[in-house]
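Worksheet: one structure, shown below.
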Amino acid sequence: MPALTADATIWLAAVTTACAIGALVLTTLRLRRARRAAEFGEMVADHAKDGLVVQSLDGRILWMNRAYCELFGRAPAEMLGRNPLSFAVPPDLRPTDEEIAAFRYSDGEFDGKILLFHNVRKSGEMFWNEIRFALHRLPDGRERAVLVCRDATDQVEKERQLRAAHEEVTYLARHDALTGLANRTEFLRVASAALAAGGPATGMIHIDLDRFKEVNDTFGHVAGDAVVCHVADAIAATARAGDLAARMGGDEFLLVCPGIGSLEALRARGQEIADRLDRPLRWRDRRIPCSVSMGAALSEPGDTSPQDALGRSDLALYEAKRRGRGRLCLFDGDLRARHAVAAHRVERIRRSVAEGRLEFEFAPVIDIATGAVEGFEAVVRHDGAAGPAFDHRDFLAEARGLGLLAEVGYGAIEAALRLQRTLRDATGRSVPVGIAASRELFLHPQIFSRLTRAAARHGVTPHLLPMAIGDTGVRAVDGPDDPLPGTILDLAQMGFPILLDEFGTRPAAIVRLARLPVAGIKLGADLVAGLEGDAARFQIVRGLGGIAGALGLRLIAEGVDTAETAACLGAIGRFSGQGAWAGAPLPADAVADWLAGRPVAEPGPVPAGSRRASA
């Protein structure tokens, strides 16, 4: 190779020097950049709020930042070279030295995971440590574990409080606040699940406190709450595993027994409740009786919801109360058969009212002194075409339970007005025909319009339609805002004679004579029948007769079944009478013939008493 010239040598040396200088500059820049990155990394690690730690795969700490030291309240020298298992884990949970020595990070166990640990500081304070794990491979092939630690105590506590609040809301949504028993919502959920699960029949015991209102009225509502809790405790103590004790509201409870299978087993469960309540509750040195009535029933294959079995247990409960309370009744074959008859009767009543097929008979009202007919009173009779007729009192009780009393009352008004028109056309005379009214009729929103239209349609004046409202309905007046007294006053001012029925058979009736604009009173059959043989009742009736006479009120006695009773009343004063002596109730088409040849009293003016203002 030819020798380099001096110039070439100088040029080559310059290039080499330049390259060396360039390489040195680049190296210097890289070093500066690396130092700067290290400085930045150290600065970030030093100011990071999260604890950072690097560990070998056997868990020994190789490096940590300041936040990690603060997290545990320890100096770096206390932790370097140690596995955190030896100081971070609470003493009662800390692994043995052998277990710590055997620890190794494996590829899949921790890498990429975020885990929560209950750790302890040097001071002994417990805290929740949220750790993010990552495994990192160095350029030389070695692996290290990198941990990012954060004190999550506040977050965990807030989450705990939220869970507790959610659990409390869920509990309150499913449980009764006073007793802690399940509520109706929880009953439906549990009972529905039991029915859906199949298997042996689910039993339900429907429990109702007897005379609970009397407990509240006598001892106060605080005592009433104590009684409710006492009964709830007895039911809960009776419940077996899987059973549900529930308070349905007020003084009403349920015990649901999934899979109990038989009525006899259910009876035994109910008897256990009764035994637990056999002794009175001792409350503030007082003894409060805790009698309950219970109805029990089983689920059946055709049931579609818990309400089916609940309905049967409710019928059994009603039967227990009908038999005198303080007992358990089962929905067995006998009760099922009687309920079927009752259900058929209810359906007959509904259809009769809806289709206008109610039948009425008319009981004569006789002036006891003269024997003259003063009028009639319409008495409802169930339409016998769809089955046997039954007593009008039973009919009215059923109609009240069905909310149909007002419509029955309108039917009675129509029948009474129709008979008056028939008698007027047949005899040329006006004969009063009254009705037994009800609170439900008087409070019906259309009472005035329907009543006046019906009277006008039949050409009957109001004073020929006496309406007797039972004292029981009047006693239900609830305070000064109750509309019933005002309705009675308005009807009286329209000219309709209002009579107070069942008078003398209920307490505190006399005061209503001063407060209500009634035209007369009807003494109940319980007070009148057999009066001649009872000196005490004789004196009571005589006293009531004197009061009515002084107030200018008409007196009608029900239960006048014998001539002796009629004579006894005649000796007391001026009475009108209803009963077997006066005449049995007649069908409408027989009234005119029965009336023929009998003296008929002229309808008198509405007594002055009916024009009194309501107090």
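The values are calculated or read from the model by the stated rules, or taken from the named source; none is laboratory data. Only a predicted model underlies this, so the values are computations on that prediction, with no experimental measurement involved. Note that each Cβ is placed from the backbone with ideal geometry, even for glycine, and that neighbours are counted across all protein chains shown.
Just a few scattered comments:
- Selection status of Arg189, in a helix (DSSP H, G or I) and either in contact with a Leu (Cβ under 6 Å, 6 or more places away or on another chain) or outside the structural domain of Gly295 (by TED's automatic domain parsing) (or both): no
- Answer residue from the stretch 325-368, given it is among the basic types (Lys, Arg) and under 29 Å from the mean Cα position of the chain (by Cα) and is modelled with the lowest pLDDT among those: Arg345
- Enumeration of residues in the stretch 207-234 that are of a type in the set (Val, Ile, Thr) and closer than 19 Å to Arg282 by Cβ: Val215, Thr218, Val222, Val227, Val228, Val231
- Subset of the stretch 85-141 [part of a helix (DSSP H, G or I) and polar (S, T, N, Q)]: Ser86
- Against the test of being under 30 Å from Thr562 (Cα atoms) and in the same structural domain as Leu569 (by TED's automatic domain parsing), the options Arg348, Arg381 yield a single qualifying residue, Arg381.
- Condition check for Leu419: in contact with a strand residue (DSSP E or B) (Cβ under 6 Å, 6 or more places away or on another chain), crowded, with 20+ Cβ neighbours inside 10 Å, under 22 Å from Gly375 (Cβ atoms) and modelled with pLDDT under 90: no
- Taken over the stretch 424-441, the criterion of being part of a helix (DSSP H, G or I) and buried (at least 23 other Cβ atoms within 10 Å of the Cβ) is satisfied by Leu441 alone.
- Qualifying residue in the stretch 166-184 (condition: within 24 Å of Asp111 (Cβ to Cβ), part of a helix (DSSP H, G or I) and modelled with pLDDT of 90 or more): no
- Count - residues of the stretch 475-492 that are surrounded by fewer than 24 Cβ atoms within 10 Å (Cβ to Cβ) and modelled with pLDDT of 70 or more: 11
- Residues of the stretch 326-343 satisfying the condition of being crowded, with 16+ Cβ neighbours inside 10 Å and closer than 17 Å to Gly203 by Cβ: Leu328, Cys329, Leu330, Phe331, Leu335
- Some residue of the stretch 275-297 being over 21 Å from Met248 (Cβ atoms), modelled with pLDDT of 90 or more and assigned to a helix (DSSP H, G or I): yes
- Any hit, the stretch 199-210, residues being outside any loop (DSSP other than H, G, I, E, B) and surrounded by fewer than 20 Cβ atoms within 10 Å (Cβ to Cβ): no
- For Leu244: the one exception among (1) under 29 Å from Arg284 (Cβ atoms); (2) within 19 Å of the chain's Cα centre (by Cα): (1)
- Looking across Leu254, Leu266, one residue alone is modelled with pLDDT of 90 or more, on the phi < 0 side of the Ramachandran plot, outside any helix (DSSP H, G or I) and buried (at least 17 other Cβ atoms within 10 Å of the Cβ). It is Leu254.
- Once the stretch 138-147 is narrowed to residues that are surrounded by fewer than 18 Cβ atoms within 10 Å (Cβ to Cβ) and within 25 Å of Phe117 (Cβ to Cβ), the residue that is nearest to the chain's Cα centre (by Cα) is Val146.
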